[in-house]
Amino acid sequence: MVVSKSGLVVSATAVMLTAVAVAGAGIHLSSQASFRESPKELIDEVWQIIEKSYVDGTFNQVDWTAVRNEYLNRSYTTDEQAYEAIREMLDQLNDPYTRFMDPEEFKNMQIDTSGELTGVGIQLTQDEESKKLIVISPIEDSPAFDAGVQAQDIILKIDDQSTKDMDINDAVKLIRGPVGTEVTLTIKRGNEEIVVPINRAKIEIHPVRYSTQNSSTGTVGYIRLNTFSANAADEMREAITDLEKQNVSGYILDLRSNPGGLLYASIEIARMWMDQGDIVSTVDRRGELDRQRANNRALTDKPMVVLIDGGSASASEILSGALQDNERALLVGSKSFGKGLVQSVRGVGNGSGLAVTIAKYFTPDGRDINHEGIEPDVKVDLSEAQREELRKERTKIGTLDDPQYAKALEVLNQEIATAQKSQAKTK
C-alpha cells in the first residue's frame, strides 16, 4: 500500500486516496451497476445518473441535454475513448467531487474505504520541485516498517526501474502487488544508497491511535482519527471504552488533516460523544431533508476538545460541527477545509465507478460549511516553520512540542477544572 500525499502537514495514515477522498467525501456506497455492451452505452449510463441525482437541477448552468447529444453523436471504438469522453463531459459541471473512475481507480477507492490494503505499507509523497518520491512514513507493523524503511527515505528505483521523473501514480502501481510477491526498493538515506527487498502482504489500516498523558487536572485521553474508513467507528469505540476504564479526566480528539471518508462513520462516531442533539442534515436538489440525531448512547460525557485544521474536511467537519453546535466540545486549531457536499459512489459499466454529488450537508445550527469551513473556538495557526518541523518529526504530533496540541491541552485543563468545581458544588 502506498499513500499519495501532497501538501498536508500532518498526513492521514489511511490510503492511496483518490481526488474525491482527498477532498474528504461524505461517501455513500451504492451497488454495482449492470454490465453494458458498448462504450457509448457507458457514456449514456453516466449521463442518466447525473440527470437523475445531481445536487443542482440546473447542472451548474449547463445544458445537460445538449451535452448528451454532443457526446452520443461521436464514435467510440475503445473503453479508453469513452473514459476520456466521460471525464470531458463531467468537467463541464465544474464540480471536482463528481468524477468518473476507471476500473483500476474504482478498485483503489473501494480499497481506500475498506480499511484493508495489499502492498508494503508506505506513505508516499512527491516533492513538487525535484519530483523525487519521498517516504512520509511507513505504516506501523507493515512489511515496509519491518524492512527498515524510514521517513524521509528517497525512493530511487522500484525493482530495476528508475523513479526519475516518474509520476507518483505510476510508482504506486509498481509498488502495489499480490500478497506474497516481492518488490525491491532502492532508497537514498542521507548519502547512502540502500537496497531493500520487501514482501507484499495484506495490511489492516488502523484509523485510530490513542494514548494518555498526565496533566495538571489528571490523566487526559488523546485520540487521533486519521480517516473515516469502514473500521473507524469500531476502533473509536474501543479507544473510548479503554480510556474510560483508565478513568481519564477528559479528551482531545485530533481530526487534523483527516480528509473525511464514509458519512455513516462520522454519524456513528458523533453518537459516541453525544447523548442528545442533531448531528447533521442533508438536503438534495428536491429540497428533501434527512436529519441524523444522537440516540442517547454516548460512551462518555467528560470534557472534550477537538483539534482541526485546513486538512480537516467533510466527515471531519460533520463531526466537529456537530460537537461545536451542541456545545459538546471546544474546537482548537485553524479553519477547516470547507467541503459540505455528499457524494454517492456507485459502479457503472464493467468495473468502473462514478462519484456524484447528490446533496449538501448542514451542521445542526444550519451552517452551510461548503467553501466556508468550520471556524475553531480557539484559533491557533501554525507557521511554515512549525508545519515543516512537524512534517519532519512526526513523533512530536500530539505532544507539547506540537503548538496546537499544547493549546488544546491548556483549554481542556480549563474545561476539566470548571467541570470539577461544578461537580463539587452539587455534592
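FYI, it's all coordinate maths here, none of it is from the lab. Everything quoted here is computed from the prediction, not taken from an experiment. No Cβ is skipped: glycine too gets one built from the backbone with ideal geometry, and neighbour counts run over all protein chains shown.
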In a Gaussian network model of the chain with springs linking alpha carbons closer than 10 Å, the residue among Ser130, Ser334, Ser38 that fluctuates most is Ser130
Per GNM of the chain with C-alpha springs under 10 angstrom, the most fluctuating residue out of Thr186, Thr65, Thr300 is Thr65
Two pseudo-spin positions, 7 Å from Cα along C-beta at Asn296 and at Glu393, lie apart in nanometres by 5.0
Among Ile203, Asn226, Ser215, the residue whose Cα sits farthest towards the positive end of the charge dipole of the stretch 178-238, when +1 is placed on the Cβ of each Lys and Arg and -1 on the Cβ of each Asp and Glu, is Ser215
Taking a straight Cα-to-Cα line shorter than 22 Å from Lys396, and setting aside same-chain lysines fewer than 8 residues away, one finds Lys5, Lys335, Lys379, Lys407
Using alpha carbon centers only, the stretch 370-407 is separated from the stretch 243-317 by a whole-angstrom value of 20
Out of Leu90, Leu409, Leu400, a Gaussian network model of the chain with alpha-carbon springs under 10 Å gives the largest mean-square fluctuation to Leu400
With Rg from the Cα atoms and Rh as the Kirkwood inverse mean 1/r over Cα pairs, the stretch 116-204 has an Rg/Rh of 0.93
